[in-house]
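Asker: Below is one structure. I have some questions about it.
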Amino acid sequence: MEMNLKAALFDLDGVVFDTEPQYTDFWGQQCREFHPERPNLENEIKGQTLSQIYEKYFCGSLLKKRPLITERLNDFERHMEYVYITGFTDFIVELRKHNVSTAVVTSSNKMKMEAVYAKRPEFKSLFDEILTAEDFEHSKPDPDCYLKAAARFNADASECIVFEDSFNGLKSGKAAKMCVIGLATTNIACDIAPLSNYVVSDYSNLDYEHCLRLLA
């Protein structure tokens, strides 16, 4: 049976942009200040949404620190660098030449995206849809976000490929019953392989035909 790749759905950090090292530095500073008893906590929270981080690590006596951390995070994101993962722009241009619809599916909020647009004016032109935290009822690893993205294109799950780097994101794509390509940018390849149909370090060796074979 001929496979049809209708939509490519991309997480943002660690998938489109190589921002994870910057976030590790940011959360490392917060964790050393507020959780000195938990060394390397910044590595444990990778791939979690801000709400998930707050609910698990900034509750009780630390609840009152949330506004401060949110303010720090917003300022950090306004000034951080947004460098594309190697090969990403060439890859997405090729997909669009083959009439594949493209979407960002991120847990980041609209304020964060405004910072992206300011630093990368061409960003919006790379995607047909940009879905943010405000568009979803349930956070990853729930499949809600990817199912909503597929619906924007009237695409079946079998016609979509998800690109993710975090454990929660990979689980979300799998729960949506979509083909999942894991980016070994945030976690090492052997750790994300069980949740991925295919693992890459970047987009250098990916193309449209390769994606079709993965769907099959």
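Asker: Is one or more of the residues making up the range 125-140 touching a Lys or Arg at 6+ places or on another chain (Cβ under 9 Å), part of a helix (DSSP H, G or I) and open to solvent by less than 10 Å² (accessible area, probe 1.4 Å)?
Answerer: Checking the range 125-140: not a single residue is touching a Lys or Arg at 6+ places or on another chain (Cβ under 9 Å), part of a helix (DSSP H, G or I) and open to solvent by less than 10 Å² (accessible area, probe 1.4 Å).
Asker: Of (1) open to solvent by 10 Å² or more (accessible area, probe 1.4 Å); (2) not in a loop (DSSP other than H, G, I, E, B), residue 149 satisfies all except one. Which?
Answerer: (1)
Asker: Considering each of 175, 184 in turn, give the residue that is in contact with a Pro (Cβ under 7 Å, 6 or more places away or on another chain) and surrounded by fewer than 21 Cβ atoms within 10 Å (Cβ to Cβ).
Answerer: Numbers: 184 fails: in contact with a Pro (Cβ under 7 Å, 6 or more places away or on another chain).
The unique qualifying residue is 175.
Asker: Being of a type in the set (A, V, I, L, M, F, W, C) and over 18 Å from the mean Cα position of the chain (by Cα) is true for just one of 100, 105. Which residue is that?
Answerer: 100
Asker: Would you confirm whether any residue within the range 58-74 is outside any loop (DSSP other than H, G, I, E, B), without any contact (Cβ under 8 Å) to a residue 40 or more places away in the chain, surrounded by 11 or more Cβ atoms within 10 Å (Cβ to Cβ) and under 19 Å from the mean Cα position of the chain (by Cα)?
Answerer: Residues of the range 58-74 that are outside any loop (DSSP other than H, G, I, E, B), as a first pass: 60-74.
Still in the running and without any contact (Cβ under 8 Å) to a residue 40 or more places away in the chain: 60-71, 74.
Checking which are surrounded by 11 or more Cβ atoms within 10 Å (Cβ to Cβ) leaves us with 62, 65-66, 68-70, 74.
Add one more test, that the residue is under 19 Å from the mean Cα position of the chain (by Cα), and what stays is 74.
Checked the range 58-74: at least one residue is outside any loop (DSSP other than H, G, I, E, B), without any contact (Cβ under 8 Å) to a residue 40 or more places away in the chain, surrounded by 11 or more Cβ atoms within 10 Å (Cβ to Cβ) and under 19 Å from the mean Cα position of the chain (by Cα).
Asker: Something else about it: Out of (1) within 24 Å of residue 196 (Cβ to Cβ); (2) crowded, with 19+ Cβ neighbours inside 10 Å; (3) free of Cβ contacts under 8 Å to residues at least 60 places away in the same chain; (4) of a type outside the set (S, T, N, Q), the odd one out for residue 85 is which?
Answerer: Of everything listed in (1) within 24 Å of residue 196 (Cβ to Cβ); (2) crowded, with 19+ Cβ neighbours inside 10 Å; (3) free of Cβ contacts under 8 Å to residues at least 60 places away in the same chain; (4) of a type outside the set (S, T, N, Q), residue 85 misses just condition (3).
Asker: List pairs: first residue in the range 14-41 and within 15 Å of residue 68 (Cα to Cα), second residue open to solvent by less than 90 Å² (accessible area, probe 1.4 Å) and of a type in the set (D, E, K, R) anywhere in the structure, Cβ distance under 6 angstrom, at least six positions apart or on different chains.
Answerer: Partner pairs satisfying both residue conditions: 27/42; 31/42.
The values are calculated or read from the model by the stated rules, or taken from the named source; none is laboratory data. Here the structure is a predicted model, which is why all the values come from computation and not from measurement. Every residue, glycine among them, receives a Cβ derived from its backbone with ideal geometry; neighbour counts consider all protein chains shown. In case anyone asks, the SASA skips ligands and DNA or RNA and just uses the protein heavy atoms, side chains included. Shrake-Rupley method; radii C 1.70, N 1.55, O 1.52, S 1.80 Å.
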